[in-house]
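Report on one structure; see the data block that follows.
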Amino acid sequence: MSALGMEGSEEAQTPSGEALSLPWDRFSSWLHCICVVGFDLELGQTVEAMYPSHAKLTDKEKTSICYLSFPDSNSGCLGDTQFCFRFRQSTGRKSSLHCVLDQVDRDSPVYLKKDPSCFYGYVYFRQVRDKTLKRGYFQKSLVLISKLPYINFFHTVVKQIAPEYFERNDPCLEAACSDIDRWPAPVPGKTLHLPIMGLVVKVRIPTKHDKPGTTQLVDMTQQTDAHISVALPTIHEVDLFRCFSPVFFHIQLLWELVLLGEPLVVMAPSPSQSSETVLALVGCISPLKYCSDFRPYFTIHDSEFKEYTTRTQAPPSVIFGVTNPFFAKTLQHWPHIIRIGDVKLAGDVPKQVKVKKLKTLKTLDSKPGVYSSYKPYLNKDEEIIKQLQKGIQQKRPTEAQNAILRRHFLELTQSFIIPLERYVASLMPLLKSISAWKSPPQPKPFSQEEFMKTLEKTGPQLTSRLKGDWIGLYRHFLRSPNFDGWFRSRRKEMMQKLEALQLEALCNEDLLIWVQKHTEVESVDLVLKLKNKLAFAQREHLPVGVDTLQKLQGQVDTIIQELPEDLREILLKTNSS
Amino acid sequence: MSVLPPVRRDRIVADLPQCFKKEACLHTRDSFHSKVTSACKQQRTGTVGFRISKVIVVGDLSVGKTCMINRFCKDVFDKNYKATIGVDFEMERFEILGVPFSLQLWDTAGQERFKCIASTYYRGAQAIIVTFDLSNISSLEHTKQWLQDALKENDPSSVLLFLVGSKKDLISPSQYALMEQDAIKVAKEMQAEYWSVSSLTGENVKEFFFRVASLTFEASVLAELEKTNARKIGEVVRINSNDRNLYQSSKKNKQKCCQ
């Protein structure tokens, strides 16, 4: 029985059977590094320590981490604060991750895949009075840097490490890293037990085959074991209800804005509120992936600050979370602004409020609310609002409120996306058009008009009771980055499927008969082509069965045996290009 | 839904494993407590459901804590010494009296450098295994200090203690006899159960961990039974029929796993 996993010695192996044996391999399948950011009287914020020490960060990345790890306004975050940020990795950085992990990544749902161009920072910031220090305050952040968007999971992990670190210093981080370096890789579909600083965190890594909206991890342990073992029902989801509660009359509008990739800024009193709200926004269109840039916490020091706030161009498709009052001025030309006030007491029933005109947002102390001149395409869903309001009055637990809201968004997104899925599926060429001897046919191009025609009979009205201008919403969506990203990945899937079907067709041909009827040159050509196809299938992880690949490999070997000896030797040695 | 593979055949416990030395043991009963046996027989889920216990292993640098655990969990012995950084962790699954049971084994570092963080790892332990090297008398002398530190983070009245001498293969029978006398004395003082093992030959290693698992399991079930009895008196559970719908999906799942 192996250390951590449930499935014996297999845990120590990658899907391909290689052992993940080098030190830090396991660590880097979860984290890039752990940074300690402190405040130096002369230098300002600095990275005081980094684990593992060989981890590489460019100066620019370090600067980003420094600024993003501290609150950037005098919001007073006294005590401990947790939040999350996301920043662009420097260009030209080589992928530092173990190549096998990309295989692991392949079965992840789109919204949980490793971010190819960005890092996430999961921060635990402590600010307490300390008379022994020159500034009178202890101010420090512990930050986990990762490519994985496992927000809820890393939130739990950093909360477990940071308070211990602030008390006991370096050996603590050394031990934490050593704990993490023993974790099995985050293979989708696996339930893992991950020990960290005396606690075992039980998680299940979702796969793209999971049915959306179902919780896959059932905790069977007794509650009394909570101090030695915690089970996280989700690794990535934030509490939508809590995050949206300051603006929950506008959830319909916000969902549309996110779906359409509209420029959106969240102005909040603290980084934890700004980051939570941004992550909730990005997550509300799940299982659709939000394809534009988003920054749960963005500061004026960010390297993209100028690029994103310039007034010479229209605001980009980005969602920002900011706390610095300066942004109220810099971003006042932005079309959609969410302003969040200080946290209200729980149980407070928010009053119905109107979307505010943008003009009114000029001063720093504008009232909380949503500022936009956007007119939603769909009518407001009064029922969900009523249901949630009733829940507040009845003091329904926030987990239940969250589940209701999450389900609402899921149904809405699915109602919206199903007609598109259906139409795109019809773009697949017919099975009979696939031939062993021709390259696979291309999927038909996406035609907006054709698609719109399908809406009449099989539109969202089949699954959603919401009325409104669905057609207008689709037209707008088809121009958005989210559609582009979604369609690209669907098209790639289709191409792979077609490649796979063609391989299967080849596999079912008797190639030996073909070879006997053709010249030697043609046979050699066939062998080389087949070898290339096999290599491609493996490299691109085409959805073909192992038996198909083996059968085809067998065919290749048989053909080679049929050829003269000198050729045989060469062909056996030749690797596909 | 997490599907656990069946527990290994050689990790199934039907009878209480016996102690090593009657002079220094936690109890001398030859079978599980009757309350525990009957509770397990009835399979009162909720009372005797799937459970986990945390065990910490402490002791001087290089007395062989990691080797002992590796012998038991992986049935291997590595002659090379590799210092533990912070903590090693193993999870071992048993089936005791027909009930699944997991032991979390936290193997802490013996190095001075890591002592400051140890308390983080000590928290919530149900059993403490204090280890010493039978060929090194000073490591036995240090066990009291180790125990004291480990107990700071735990409730001394509810935690089970074991004192284990390792590397039995390194010393002669006469040397061992002398050492054992001292060790039993120490074990009695700390109210721990004494064992001696050899990770090299495997002598007593399995027996020892089975005893740890069984006694921890027994104590944990007894504690739970006591708690549920206390709760039954005077406490009423109210279920609001409207609220139930909200949890329908999660409830369904729960039922499935408890069947």
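Quick check on region A:435-544: take the gyration tensor over C-alpha atoms, sort the square-rooted eigenvalues as a ≥ b ≥ c, and tell me if it's rounded (a/c under 1.5), prolate or oblate.
Taking the square roots of the gyration eigenvalues as a ≥ b ≥ c, region A:435-544 is prolate.
Of all trypsin sites (Lys or Arg not before Pro) in region A:120-193, which ones are in loop regions per DSSP and have a Cβ with at most 12 other Cβ atoms within 10 Å?
A:K131, A:K134, A:R135
Can you give the local net charge around A:L264? Use residues other than it whose beta-carbon is closer than 13 angstrom to its beta-carbon, Lys and Arg +1, Asp and Glu -1.
After counting each charged neighbour, the total is -1.
Do any of A:K497/A:K551; B:K21/B:K54; A:K159/A:K395; B:K21/B:K206; B:K82/B:K115 go past 20 Å between their Cα atoms, and which?
Check vs 20 Å cut-off fails for B:K21/B:K54; A:K159/A:K395.
Which of rounded, prolate, oblate describes region A:292-340, given a ≥ b ≥ c as roots of the alpha-carbon gyration tensor eigenvalues and a/c under 1.5 marking rounded, otherwise prolate only if a/b is larger than b/c?
rounded
Compute the length gained on full extension between A:L572 and A:E493: take 0.36 nm times their separation in residues and subtract their Cα-Cα distance, giving the result in nm to one decimal.
25.3 nm
Which aspartates and glutamates, if any, have their Cα less than 14 Å from the Cα of A:K190, not counting same-chain residues under 8 positions apart?
Partners found: A:E7, A:E10, A:E11, A:D105, A:D107, A:D210.
What FRET efficiency comes out for A:E504 versus A:Q389 if R0 is 56 angstrom and r is the Cβ-Cβ distance? Round to the nearest 0.05.
The computed FRET efficiency comes out at 0.55.
With the crude spin-label approximation of a point 7 Å out along Cα→Cβ, what separation in nm comes out for A:E48 versus B:D30?
Here the modelled spin labels are 6.2 nm apart.
Going through region A:396-505, which chymotrypsin sites (Phe, Trp or Tyr not before Pro) have at most 16 other Cβ atoms within 10 Å and a DSSP loop state?
Passing sites in region A:396-505 are A:W437, A:F446.
Can you return the aspartates and glutamates within cross-link range of B:K227? Criterion is Cα-Cα under 13 Å, with same-chain partners fewer than 8 residues away left out.
B:E235
Give me A:S29, A:S53 sorted ascending by neighbouring Cβ count inside 10 Å, so fewest comes first.
A:S53, A:S29
For the pair A:L78 and A:V546, how long in nm is the line joining their label points, each one 7 Å along Cα→Cβ?
6.1
State, to one decimal in nm, how far the label point of A:W24 lies from the label point of A:L410, with both points 7 Å from Cα in the Cβ direction.
4.0
Got a sec? How would A:K497, A:K533 order by Cβ neighbour count within 10 Å, fewest to most?
In order of increasing Cβ crowding within 10 Å: A:K497, A:K533.
Given A:F536, A:W486, A:L498, which one lies farthest toward the positive end of the charge dipole of region A:461-545, if we put +1 on the Cβ of every Lys and Arg and -1 on the Cβ of every Asp and Glu?
Looking along the dipole axis, the top candidate is A:W486.
State the three equivalent ellipsoid semi-axes of the protein assembly as shown, derived from the C-alpha gyration tensor as the square roots of 5 times its eigenvalues, in descending order and whole Å.
50, 39, 28
Which of the GluC sites (Glu not before Pro) found in region A:483-577 are in a DSSP loop and have at most 14 neighbouring Cβ atoms, other than their own, within 10 Å?
Counting only loop positions with at most 14 other Cβ atoms within 10 Å, the GluC sites (Glu not before Pro) in region A:483-577 are A:E509, A:E540.
By the scheme Lys and Arg +1, Asp and Glu -1, what is the net charge of all other residues having a beta-carbon under 11 Å from that of A:P316?
So the environment of A:P316 carries a net charge of -4.
Based on the Cβ-Cβ distance from B:E23 to B:E141, what FRET efficiency comes out when R0 is 25 Å, to the nearest 0.05?
That pair, B:E23 with B:E141, gives E of 0.80.
Can you give the mean number of other chain Cβ atoms that lie within 10 Å of the Cβ atoms in peptide A:196-202?
Mean shielding count: 6.
Can you tell me the relative contact order of chain A? Whole percent, Cα pairs under 8 Å, sequence separation 6 or more.
Relative contact order comes out at 11 percent.
Can you put A:V36, A:V521 in order of Cβ neighbours within 10 angstrom, beginning with the fewest?
A:V521, A:V36
Please give the average number of partner chain Cβ atoms lying within 10 Å of the Cβ of each residue in A:526-535, rounded to a whole number.
Shielding by partners across A:526-535 averages 0.
Take every residue in peptide A:502-515, count the Cβ atoms of other chains within 10 Å of its Cβ, and give the average of those counts.
Shielding by partners across A:502-515 averages 0.
Using a Förster distance of 45 Å, how high is the FRET efficiency between A:T398 and B:E203, based on the Cβ-Cβ distance and rounded to 0.05?
So, using R0 = 45 Å, E works out to roughly 0.25.
Restricting to DSSP H runs of at least four residues, report the calculated mean residue ellipticity at 222 nm for chain A, -39500 (n - 2.57) per run over all residues, nearest 500 deg cm²/dmol.
About -12000 deg cm²/dmol.
Based on the alpha-carbon gyration tensor of region B:57-192 and its eigenvalue square roots a ≥ b ≥ c, which shape applies: rounded if a/c is under 1.5, prolate if not and a/b is larger than b/c, or oblate?
Rounded shape, in that the Cα axes give a/c under 1.5.
Which lysines have a Cα less than 22 Å from the Cα of A:K354, not counting those fewer than 8 places away in the same chain?
Those lysines meeting the cut-off are A:K344, A:K362, A:K367, A:K375, A:K380, A:K386, A:K390, A:K467.
Report the full-extension gain for the segment A:K375 to A:E421: residue separation times 0.36 nm, less the Cα-Cα distance, to one decimal in nm.
Value of the extension gain: 13.9 nm.
Rule-based calculations on the coordinates, nothing more; no lab input. Since this is a predicted model, take the numbers as computed values, not measurements. All Cβ positions, even for glycine, are placed from backbone atoms using ideal geometry, and neighbour counts span all protein chains on display.
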